[in-house]
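FYI, it's all coordinate maths here, none of it is from the lab. Predicted, not measured: the structure shown is a model, and the values here were computed from it. A quick note on method: Cβ atoms are made from the backbone with ideal geometry, for glycine too, and the neighbour counts reach across all protein chains shown.
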Amino acid sequence: MNDRLPWRLFGVVYAHAHPKAPNTSIIRNKSGLPLPTELLGEPASGYLTGPEEQERRQDRIKSVCLSCHGGGWVEGHFKRLNNTIRTTNEMTLTATKILLEAWEKGAAKGIGQGESIFDETIERKWVRQWLFYSNSTRLASAMGGADYGVFANGRWYLSENIAEMMEWLEFKEKDVR
């Protein structure tokens, strides 16, 4: 399916264009991290396919769908999927900003302190945001599972996790003061 999907949806912080090469170990964002996007979502574009390739892939997958479904259904499906990608990326960005604020305020230690970005409570909640909740929501949307996309590690949990992250930061800020 890799050559038919314009977006890399699963196992990534933000949905983004597919890598140009299969060897993803060479990818580095501007911060030097081995990620295909910056922490704030900007793509490491030199390593990712461009808009023309994404459009070619989108057309290819739509042609597969059109063998069983009508044009209106196919267009509607991809409109919903693109909306889900936008929404999950935005909600991940919100969680990332909370994490960055926690680092900035000294409530947690991260990149700026030369520490791991995966070992503190707020960081694990951030990982949950994109690894479980955003990915589950994208999968449900890609496969047409609306109920699953809301309840089974979906949109409900995306919202709840952001609220928990904000509460955690507020609690920790009291400790830092």
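Which lysines have a Cα less than 18 Å from the Cα of LYS79, not counting those fewer than 8 places away in the same chain?
Output for LYS79: LYS62.
Compute the acute angle (0 to 90°) between the alpha-carbon long axis of helix 71-104 and the principal axis of greatest extent of the alpha-carbon atoms of the chain; round to the nearest 10°.
So the inclination is approximately 10 degrees.
Per-residue HN-Hα couplings for the stretch 38-54, Karplus 6.51 cos²θ - 1.76 cosθ + 1.60 at θ = phi - 60°, whole Hz, x for Gly and Pro?
6, 4, 8, x, 5, x, 7, 4, x, 9, 10, 5, x, x, 5, 5, 4
Between the stretch 6-66 and the stretch 93-107, what is the separation of their alpha carbon centroids in Å?
25
Report the local net charge at PRO36: Lys and Arg +1, Asp and Glu -1, summed over other residues whose C-beta lies under 13 Å from its C-beta.
Once all neighbours under 13 Å are counted, the net charge is +2.
Just tell me which lysines come within less than 17 Å, Cα to Cα, of LYS174; anything on the same chain fewer than 8 places away is out.
Here the lysines satisfying the reach criterion relative to LYS174 are LYS105, LYS109.
How far, in degrees from 0 to 90, does helix 155-176 lean away from the longest principal axis of the Cα atoms of the chain, to the nearest 10?
The answer is roughly 20 degrees.
With a Cα-only, solvent-free Debye model of the stretch 2-176, what are the log10 I(q)/I(0) values at q = 0.08, 0.14, 0.17, 0.19 Å⁻¹?
The computed values of log10 I(q)/I(0) come out as -0.28, -0.79, -1.07, -1.24.
Near LYS30, which lysines are there with a Cα under 19 Å away, not counting those fewer than 8 places off in the same chain?
LYS20, LYS97
Considering Cα pairs under 8 angstrom that are at least six residues apart, work out the relative contact order of the chain and quote it in whole percent.
Value for the chain: 22 percent.
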